[in-house]
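Encoded as structure tokens, the structure appears first; notes follow it.
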Amino acid sequence: MPGRHRFRLVSSKSLSPVVRSLLFKVVTPTPLDYVPGQFIQLFVPSHAGPPAKRAYSIANAPGRVGPRHVELAVARVAGGPASNRLHELEHGTVLDAEGPRGSLRRWPEEQREPAVFIAAGTGLAPLRAMLQEELSRAQGPELTLLFGCRTRADILWGPELRQWASQHDRFRLEVTLSRPDDGWTGRTGYVQTHVADLVARDQPRRAYVCGLSPMVDSVVEALRAAGVAGNAIRYERFDA
């Protein structure tokens, strides 16, 4: 059952011009028992009035960044008091959180099947946690990540993703940019325009999708049109 926890900010860093990684330690006695893909509700203090309640996916598999630690990816929203407050949060600040919640997960019986993971922006966070867990195992099925970003500067956790691609023969990284520069040689455009090609090439049995609602709806439609069964698609939407 979801519970109440206290998170202390231990470090933070920039992932892109608008996204910041926040690493929290769970300081309540009860550990945060979650599976990759789930999210928490964070109570963000405001300068005036009650805290704002915001949902953020956990971006790391359990134990990957230290015991009792969770990483969140927070996009700064123009005029958004909660996201701006989190970007300015001082190390050592303690916040309340509830969770975990969410059904975007890769169940044990699914972990034997090839899969495609599709995300845009901070929608990568829960899929990153799932892939961290998957790639910690020596053997497993073929996995493809299709990640949509605006520019090269917006490729979250880029060095880690490229390292996975070089170290694991069964993992393919596909990045598509909607605003590519002249030197970009990878895919271009929105993720949904590449779904049919990847499904035909990789023949995934499962699909996991996360991002803004319009993107998720378009990708799910494209997956079904490409022949992926509706009950084999797990997704989570959020709004800006």
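Figures for the structure shown
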| item | result |
| --- | --- |
| Sparse-neighbourhood loop sites, trypsin sites (Lys or Arg not before Pro) in the range 84-141 - DSSP loop, at most 14 other Cβ within 10 angstrom | Arg112, Arg137 |
| Separation between Cα centres of the range 97-123 and the range 159-214, rounded to whole Å | 16 |
| Residues listed by number, the range 160-175, amide nitrogen under 19 Å from Glu113 label point at 7 Å toward C-beta | 171-172 |
| Residues with amide H under 5 Å from that of Val44, placed H, sequence gap 5 or more | Ala52, Lys53, Arg54 |
| Positive dipole terminus of the range 1-120, leading residue within Val74, Val116, Gly63 (C-beta point charges) | Val74 |
| Additional length obtainable on full extension of the chain from Arg68 to Leu135, 0.36 nm per residue less Cα span | 22.1 nm |
| Proximal charge balance of Phe7 [Cβ under 9 Å; K/R count +1, D/E count -1] | +2 |
| Computed over the chain: relative contact order in percent, which uses C-alpha pairs under 8 Å that are six or more apart | 19 |
| Charge dipole magnitude, Cβ of K and R +1, D and E -1 - the chain, Cα centre, debye nearest 20 | 440 |
| Relative exposure of His91, His5, judged by other C-beta atoms within 10 Å (fewest first) | His91, His5 |
| Computed lengthening from Ala226 to Arg205, 0.36 nm per intervening residue step minus Cα-Cα distance | 6.4 nm |
| Ranked Glu160, Glu174, criterion: other C-beta atoms within 10 Å, fewest first | Glu160, Glu174 |
| Estimated D of the range 3-101 in µm² per second, where Rh is the Kirkwood radius over Cα pairs and Stokes-Einstein applies at 25 °C, 0.890 mPa s | 182 |
| Computed FRET value (nearest 0.05) for His47 with Gln167, which takes r as the C-beta separation and R₀ as 41 Å | 0.35 |
| Residue exposure sequence - Thr122, Thr193 - by fewest surrounding Cβ within 10 Å | Thr193, Thr122 |
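Just so you know, all these numbers are worked out from the coordinates, no wet-lab data involved. Please read these numbers as outputs of a predicted model, since none were measured by experiment. Positions of Cβ are backbone-derived with ideal geometry, glycine not excepted, and every protein chain shown enters the neighbour counts.
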